[in-house]
Amino acid sequence: MMSPPTTPPDAHPYPRERVTAGILAGGRATRMGGIDKGLVELRGRPMVEYVLDALRGQTARVLVNANRSFDRYERYDARVVPDSQEGFLGPLAGIASMMAVADTEWLLTSPCDSPQVPADLGSRLWQAVAHDDADIGVAHSGERLEPVFALLHCSLRASLEAYLGAGERKIDRWYKQQRMATADFSDCPQMFVNVNSLAERDQLASQLGGAAVPH
């Protein structure tokens, strides 16, 4: 069940300086033909740039979880963090690796292939966390949980590493083992539009009013 805050928006001030952004760009991108999705251009800019622009104003610093193209991502003045384990083990592996180097209490995550991140992602997830006294806040589309858009307390690192060490990979299952709150983002359906192919990239570029530029 979703649990949007019932208190006024300023009841729990968003602690920006206690939050690190973590952009998930470490996947294989098999549906994109193996192209590094974060660097695929949308309207003349790599998709990761849209996410970086949205998150820089919401957090103290930014990390990028990537397993290739390190030099390209490092140009964005963000620390690049590869998975600590080989094999492209999914978003939880990236989250664990970023928790290991984050020097703040909280990690705010977003995928590199969803370029329409709202400017209040962190603050709305924080309201849900603070309202429910939770350790994880997860976005909900109104139809389903969207687990890669999340705010996680970094004290969960040991639990997450143990889960991964046991061979588990399913993000929803691990979330349900924690104190989790959900935040209703049904008013922002565009944030959940992710680009998995060049055709989807071109379709989104058309919707946004500009031509796609081939990567």
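Under the condition of being among the hydrophobic types (A, V, I, L, M, F, W, C), closer than 14 Å to C188 by Cα and within 12 Å of the chain's Cα centre (by Cα), which residue from the range 112-124 is surrounded by the fewest Cβ atoms within 10 Å (Cβ to Cβ)?
The qualifying residue surrounded by the fewest Cβ atoms within 10 Å (Cβ to Cβ) is V117.
Check whether at least one residue in the range 147-154 is over 11 Å from the mean Cα position of the chain (by Cα) and modelled with pLDDT of 95 or more, and report yes or no. Within the range 147-154, one or more residues are over 11 Å from the mean Cα position of the chain (by Cα) and modelled with pLDDT of 95 or more.
If the condition is being charged (D, E, K, R), within 16 Å of T109 (Cα to Cα) and in contact with a helix residue (DSSP H, G or I) (Cβ under 6 Å, 6 or more places away or on another chain), then the range 136-185 contributes E146, R157. Within the range 186-201, the set of residues being free of Cβ contacts under 8 Å to residues at least 40 places away in the same chain and either in a helix (DSSP H, G or I) or touching a helix residue (DSSP H, G or I) at 6+ places or on another chain (Cβ under 6 Å) (or both) comprises A199, E200. Can you pull out every residue in the range 80-100 that is farther than 22 Å from V138 by Cβ, surrounded by fewer than 16 Cβ atoms within 10 Å (Cβ to Cβ) and not aromatic (F, W, Y)? Once the filter is applied, which keeps residues that are farther than 22 Å from V138 by Cβ, surrounded by fewer than 16 Cβ atoms within 10 Å (Cβ to Cβ) and not aromatic (F, W, Y), the range 80-100 yields S84, Q85, E86, G87.
In this structure, does E105 turn out to be of a type in the set (D, E, K, R), within 28 Å of R16 (Cβ to Cβ) and in contact (Cβ under 8 Å) with a residue 60 or more places away in the chain? Step through it out loud before you land on a result.
Values: of a type in the set (D, E, K, R): yes; within 28 Å of R16 (Cβ to Cβ): yes; in contact (Cβ under 8 Å) with a residue 60 or more places away in the chain: yes.
Judged against the criteria, E105 is a match.
For (1) loosely packed, with under 13 Cβ neighbours inside 10 Å; (2) out of contact with any strand residue (DSSP E or B) (no Cβ under 8 Å at 6 or more places or on another chain), each residue gets a yes or a no:
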| site | (1), (2) |
| --- | --- |
| S155 | yes, yes |
| E168 | no, yes |
| R173 | yes, yes |
| A181 | no, no |
| F185 | no, no |
| P189 | yes, yes |
| L198 | no, yes |
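Checking the conditions here, which among V193, V129 is of a type in the set (V, I, T) and under 15 Å from the mean Cα position of the chain (by Cα)? Let's see the steps before the verdict.
Working: V129 fails: under 15 Å from the mean Cα position of the chain (by Cα).
Going through V193, V129 in turn, just one is of a type in the set (V, I, T) and under 15 Å from the mean Cα position of the chain (by Cα): V193.
Annotation note: Cβ proximity below 6 Å between a residue of the range 147-168 that is part of a strand (DSSP E or B) and a residue that is among the small types (G, A, S) and modelled with pLDDT of 95 or more (sequence gap 6+ or interchain) occurs for F149/S110; F149/A139; L151/G137. When A119 is tested against (1) of a type in the set (A, V, I, L, M); (2) closer than 24 Å to D36 by Cα; (3) assigned to a loop (DSSP other than H, G, I, E, B), just one condition goes unmet, and that condition is (2).
The values are calculated or read from the model by the stated rules, or taken from the named source; none is laboratory data. What you see is a predicted model, and the numbers here were worked out from it, not measured in a lab. When we count neighbours, we look across all protein chains shown, and the Cβ atoms used for this are built from the backbone with ideal geometry, even at glycine.
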